[in-house]
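The structure appears below as structure tokens.
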Amino acid sequence: MRFALLIPLYIIVAVMVVYTIRHYLFTLNRLFGRHRQPYVDIGTAAWPRVAVFVPCHNEEKVVSHMLDALLAGDYPPDRLIIVPINDRSSDGTQDILDDYAGRFPLQVRPFRRDDGRPGKAAALRAATAAADADIHLVFDADYLPGRGLMKQLVAPFFDPEVGAVMGRVVPMNVSKSLLTRLLDLERTGGYQVDQQARMNLGLIPQYGGTVGGVRRAALLDVGGWRDDTLAEDTDITFQLVLAGWEVVYQNRSECYEEVPENWSSRIRQIKRWARGHNQAMLRYWWPLLKRPAHVRRRTVVDGLLLLGVFAVGPLLLLGWMLAITLYYLGIQISAGLLAILIVAMYSTLGNFAAFFEVAAGARLDGSRRRIRLLPFLIVGFLVSLVSVSWATVAQMATFWRRHDQWEKTERHRTASTELPNGNGNGNGNGHKNGNGGA
Amino acid sequence: MLPVLALFGLTAAWFLLPMIPALVELFRPTDIAPLKVVDRSSGYVAYFARNFRQYLEKQTAALPREAQAGDFFGRLPDGTQFLRIHKTADALTRDAEEGTQNRLVVVDAPLTLRGGETFLMEVYARAPLVGGPGAVYRAVYAEQELGLGDGTRVLRWAHAGGRMTVGAHSVLRGRITSDTAVILGGDVVFERIGAPVIAVGEVQEPPPAPPALPKAFKFPKGARRIGDHVRVEGALEIPEGVLVTSSLVVSGRLRIGLGTIVEGSVKAHGEIELADEAQVKGAVVTRTRLLTGTGVWIAGPVIAEERIRLGKGTLVGGPDLPATVSAPEIELATGATVYGQISAPRGARTF
């Protein structure tokens, strides 16, 4: 009995320590390491043909802003087509898309889906055939790309090894609530520190499914978007890496997004991420561990840790339960081990490592005063811990069930929402119903 | 009981200490604006020049009629002192201390300067301007041709609507642009240049297609096709005079032989060397250094994470193929020509 409880606890402690080291390594790299951004200065080139996909499911509040922003971009119009994918919307999305297609027939070519498997991954898979452009960029409908973003995201594809590119997501509705401010801090840590450190260290920056793109040849090489996953972004990241492609991150390719403004929406979002990520973990941990010839050992280690990132929460809860159970059973564990668990717990999901990342990211962004909210992050982390654990347990209990529905984050934009300057508003292309209140 | 309560209270207060700034920021927010997304325009190489021109157009439009013609000393509506030169450069010496001009200078007629001047504010030339040797400019905007003499120093940016020529031993900080061409002398140091054509000395044209295609290169055993390229593990040396019909990724060092033609792009995790007259019809990317021989042609962008050395007569891009050369450090030999943009944050040098 003693060993049955102690051995899992030892393993959990070891896992926590590894993640702690990872957090610190990334943060120290960003603070003191070389900033690697080899493609950022490519401003002049013979730009390839690009298709921009915007999956939409009931996006009437936001889609016109998105299309305006894309049409106001500086990508050569004769090299660009925009493919909004309307996947069985029941609101006014199709009317808005039809209007844009009428006004910009050469550039806006909506793709409509009324049947087949629902969801973003399936929508992308179905629409891929509609465009034979060399590069496929993907944005969510609530995003607001800046004028030069498309060129920035396309530039890395001049490197023939690059299969996917990820840009940086920046919340625009920061001031709405404590949650939006905390999510802003989390994004800062996640992109400015985590993603860029992986780029610096030659590891696996994750393609995040939006503000990014894939090379069509790479997509076809790995069999296209998988439509049986909730996290097509994580899935394609690992498919590409295993097939010999490189995934790169561009910290300067920033794009505004709308983050959840209430906790219920946030909890649904993170549960979906957890389920999708866990699917990818189960699918790719073994192929990665087998290490194809072109994959370096450190890439394997980083990949496994990236795959397991949503398993940390449930593991931590399990560790707490084991420790308490041992205590009730009167089984002594060494104080040293307990201390390591406590330190690791704090360092992984608590006061030190992840917080250190966020603080370092905010410092690098030059937005130091928002760091004062750092203590509140514990609330966000605890909510995530419970939500992720809940989603994981529920997933294990129903792993045979197929998931066939749109998992969509609630949109909060209204007619009076002020959009950040220079990002798609005020360019004269506004849709007649594009006021967010349609 | 009281000491226990006091201790408890003290501990709680100590524990909650970090919450004080957090609560203050929560209820009296000081930092809630979205992060300023870096707009592409800030990376646009002629950004400052265009902004300056717009600024000056607004300011000069509001000037009274007597300030719109002839030599004139005065102030712009925002209070900036300016000097308009209409006929000769003599006006430059008025009130100037030892050749240092602290006014914004507007040049309205073709002008050739003696050299050695220091312009502490911007120079705006509506007519062709030829600078003398050893001049120092904060920034220059020339609507037409601009000549910078030997040993010129530009501190922030320079732009010419026409052709810009830069004398030997000059140092050009910031962004240097032209709507026509930038012709560099020897031993010129710079950071960023953008123009339809940038050349060290004489401008090169892309070579004509070879009369007969060379024989196809056979990839070594173990090479693997991945999507649209071939991947080779380890180092690779491609012999002279062959045709590579695919894009190529090499995990080690790559050497492309004399006169060999690659029809796609190439990337190496190690150093890349392109021998004389080699041609790459796509991009060249390396995680370390790129060295090119004489008369090499690269049609696409060139990216190195450490250093690039473009040999004599090396050509990047073409009249209808704009391209960027980007690396922390770049060296360009005489006759090197780039159609588009050169970016070297740690510095580029001609030789």
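The values are calculated or read from the model by the stated rules, or taken from the named source; none is laboratory data. Predicted, not measured: the structure shown is a model, and the values here were computed from it. As a convention, Cβ positions derive from the backbone with ideal geometry for all residues, glycine included, and neighbour counts pool all protein chains shown.
Checked against (1) modelled with pLDDT under 95; (2) surrounded by 15 or more Cβ atoms within 10 Å (Cβ to Cβ), B:Val250 passes all but condition (1).
Mind checking which residues of the stretch A:157-174 are assigned to a helix (DSSP H, G or I) and either facing another protein chain (nearest Cβ under 9 Å) or among the small types (Gly, Ala, Ser) (or both)?
Within the stretch A:157-174, A:Phe158, A:Val174 meet the criteria.
Checking each residue in the stretch B:327-351 for being within 9 Å of chain A (Cβ to nearest Cβ) and not in a strand (DSSP E or B) picks out only B:Ala327.
Just one of (1) on the phi < 0 side of the Ramachandran plot; (2) within 14 Å of chain A (Cβ to nearest Cβ) fails for B:Gly234. It is (1).
On the stretch given as the stretch B:112-137, residues that are over 19 Å from B:Thr60 (Cα atoms) and touching a Phe, Trp or Tyr at 6+ places or on another chain (Cβ under 6 Å) total 2. Within the stretch A:1-21, if we keep just the residues that are crowded, with 20+ Cβ neighbours inside 10 Å and of a type outside the set (Val, Ile, Thr), the residue that is nearest to the chain's Cα centre (by Cα) turns out to be A:Tyr19. When A:Ser64 is tested against (1) under 22 Å from A:Leu144 (Cβ atoms); (2) of a type in the set (S, T, N, Q); (3) part of a loop (DSSP other than H, G, I, E, B), only condition (3) is not met.
The lone criterion from (1) over 14 Å from A:Leu137 (Cβ atoms); (2) of a type outside the set (D, E, K, R); (3) part of a strand (DSSP E or B) left unmet by A:Pro84 is number (1). Filtering the stretch A:201-216 for residues that are within 11 Å of chain B (Cβ to nearest Cβ) and more than 28 Å from A:Arg125 (Cβ to Cβ) leaves a non-empty set. Of all the residues in the stretch B:207-247, those that are surrounded by fewer than 17 Cβ atoms within 10 Å (Cβ to Cβ) and out of contact with any Lys or Arg (no Cβ under 9 Å at 6 or more places or on another chain) number 17.
Within the stretch B:267-281, being in a loop (DSSP other than H, G, I, E, B) and either in contact (Cβ under 8 Å) with a residue 24 or more places away in the chain or among the acidic types (Asp, Glu) (or both) holds for B:Gly270, B:Glu271, B:Ala275, B:Asp276, B:Glu277.
Of the residues B:Gly264, B:Gly259, the single one that is outside any strand (DSSP E or B) and within 11 Å of chain A (Cβ to nearest Cβ) is B:Gly264. Within the bounds of the stretch A:51-63, is there any residue that is closer than 20 Å to A:Leu153 by Cβ, within 14 Å of chain B (Cβ to nearest Cβ) and either surrounded by fewer than 16 Cβ atoms within 10 Å (Cβ to Cβ) or modelled with pLDDT of 95 or more (or both)? Looking through the stretch A:51-63, none of the residues is closer than 20 Å to A:Leu153 by Cβ, within 14 Å of chain B (Cβ to nearest Cβ) and either surrounded by fewer than 16 Cβ atoms within 10 Å (Cβ to Cβ) or modelled with pLDDT of 95 or more (or both). Among the residues making up the stretch B:294-326, those that are in contact with a strand residue (DSSP E or B) (Cβ under 8 Å, 6 or more places away or on another chain), closer than 17 Å to A:Thr44 by Cα and not in a strand (DSSP E or B) are B:Ala299, B:Gly300, B:Pro301, B:Gly317, B:Pro319, B:Pro322. Consider the stretch A:208-239. How many of its residues are under 23 Å from B:Val230 (Cα atoms) and out of contact with any Lys or Arg (no Cβ under 7 Å at 6 or more places or on another chain)? Result for the stretch A:208-239: 15. Just one of (1) more than 20 Å from the chain's Cα centre (by Cα); (2) at pLDDT below 90; (3) of a type outside the set (A, V, I, L, M) fails for A:Phe355. It is (1). Taking the stretch B:310-326 as the range and being more than 12 Å from chain A (Cβ to nearest Cβ) and surrounded by 20 or more Cβ atoms within 10 Å (Cβ to Cβ) as the test, the residues that pass are B:Leu310, B:Gly311, B:Gly313, B:Thr314, B:Leu315. Against the test of being within 12 Å of chain B (Cβ to nearest Cβ) and either buried (at least 22 other Cβ atoms within 10 Å of the Cβ) or closer than 27 Å to B:Arg224 by Cα (or both), the options A:Val300, A:Val248 yield a single qualifying residue, A:Val248. Number of residues in the stretch A:189-204 that are in contact with a strand residue (DSSP E or B) (Cβ under 9 Å, 6 or more places away or on another chain) and either modelled with pLDDT of 95 or more or assigned to a helix (DSSP H, G or I) (or both): the value is 7. If you go through the stretch A:312-335 and keep only what is crowded, with 18+ Cβ neighbours inside 10 Å and within 30 Å of A:Lys290 (Cβ to Cβ), you end up with A:Val312, A:Gly313, A:Pro314, A:Leu315, A:Leu316, A:Gly319.
When the test is whether a residue is more than 12 Å from chain A (Cβ to nearest Cβ), in contact with a Leu (Cβ under 6 Å, 6 or more places away or on another chain) and modelled with pLDDT under 95, B:Leu243 passes it.
For B:Arg114, the conditions (1) touching a strand residue (DSSP E or B) at 6+ places or on another chain (Cβ under 9 Å); (2) surrounded by fewer than 16 Cβ atoms within 10 Å (Cβ to Cβ) all hold with the exception of (1). Screening B:Gly74 on (1) at pLDDT 75 or above; (2) more than 14 Å from chain A (Cβ to nearest Cβ); (3) out of contact with any helix residue (DSSP H, G or I) (no Cβ under 8 Å at 6 or more places or on another chain) shows it passes everything except condition (3). When B:Thr245 is tested against (1) touching a His at 6+ places or on another chain (Cβ under 7 Å); (2) of a type in the set (S, T, N, Q); (3) more than 20 Å from B:Leu290 (Cα to Cα), exactly one condition is not met: (1). Of the residues making up the stretch B:124-131, at least one is farther than 23 Å from B:Tyr55 by Cβ and at pLDDT 90 or above.
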